[in-house]
Structure formats: C-alpha cells, structure tokens
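Novice: Attaching a single structure in structure tokens format; questions to follow.
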Amino acid sequence: MRLVNHKHTNERYALKVYEKFKLNDQMKKKAVQREIAVLKKLDHPNVIKMHELIETPRQLNLVIEFVNGISLQQYVKNYGCGGSKRINEHQCRSMFK
C-alpha cells in the first residue's frame with residue numbers, strides 16, 4: 001500500500017499495487033479478481049471504497065479510500081492475546097460492533 005494524493009483536489013488515497021507477473025498462479029489471479037469485483041459492488045459507510053482501477057501492462061493499481069491507522073491483519077499480528085496472534089472475544093465484539 002502506498003499513500004497518494006490526488007493532483008487537483010489534494011485528497012489522500014491508498015494505492016494498492018499488484019504486479020501482474022506475481023499473479024501467475026490461477027488462485028492468486030482469481031483472488032484479486034474477486035477482491036476487485038467485491039469492492040466495486042460494496043457501498044457501505046464502514047467499508048473502504050475503491051475509487052478507480054488503473055491497469056497498466058505490468059500492474060493492477062487499485063485506488064481506494066485512505067483510512068488512517070493499521071490494517072486488521074497488522075492489528076492481530078501486533079496485539080493478539082499473549083502473542084498467539086488471536087484476538088479474544090471481547091476485543092472482537094468492540095471491533096465489529
């Protein structure tokens with residue numbers, strides 16, 4: 001993920017870059033296609049929005065809403081209970097409430 005600014009509005013976005021040569025496995029390719037399809041369909045205030053898909057000969061670039069902070073995956077890595085990389089039920093309830 002990279003932080004980018006819109007040239008004219010100066011709005012901040014996250015840029016998620018997929019290198020096409022790394023998507024040689026059919027499962028990886030399907031996973032990225034599914035992610036794009038789901039992000040195009042979703043419209044909910046608590047879910048990030050994809051603003052644009054930019055495809056070049058070598059890359060797929062997803063321009064998505066910028067959210068300050070860390071990802072859920074990073075949160076679990078950093079703050080999982082006792083280093084077990086698991087979040088207890090109380091933590092989960094407050095996050096998904």
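Novice: Using only alpha-carbon positions, what ratio does the radius of gyration of the chain give when scaled by 2.2 N^0.38 Å?
Specialist: Normalised Cα radius of gyration, the chain: 1.28.
Novice: Distance in nm between label sites at LYS30 and LYS16, each 7 Å beyond Cα in the beta-carbon direction?
Specialist: In this crude spin-label approximation the distance works out to 1.9 nm.
Novice: Hey, what angle do you get for helix 26-41 against the long axis of the chain, alpha-carbon based, 0 to 90 degrees rounded to 10?
Specialist: 90 degrees
Novice: Starting from the Cα-Cα distance between MET95 and TYR79, subtract it from 0.36 nm times their residue separation and give me the gain in nm to one decimal. Before the final figure, lay out the partial values.
Specialist: Numbers: separation 16, 0.36 × 16 = 5.76 nm, distance 1.30 nm.
Difference between extended and current length: 4.5 nm.
Novice: Once every DSSP H run of n ≥ 4 in the chain is given -39500 (n - 2.57) and the sum is divided by its residues, what mean residue ellipticity at 222 nm do you get, rounded to the nearest 500 deg cm²/dmol?
Specialist: Calculated at 222 nm, the ellipticity per residue is -10000 deg cm²/dmol.
Novice: Going by average Cβ neighbours within 10 Å, how do the peptides 61-71, 23-33 rank, with the highest at the top? Don't skip to the answer; put the middle values down first.
Specialist: Working: 61-71: 13.3, 23-33: 11.6.
Averaged packing, sorted descending, gives the order 61-71, 23-33.
Novice: Would you mind calculating the relative contact order of the chain from Cα pairs under 8 angstrom and at least 6 residues apart, reporting the percent as a whole number?
Specialist: So the answer I get is 23 percent.
No lab work stands behind these numbers, since they all come straight from the coordinates. Computed from a predicted model, the values in this text were never measured in an experiment. Glycine gets a Cβ as well: all are built from the backbone with ideal geometry, and neighbour counts include every protein chain shown.
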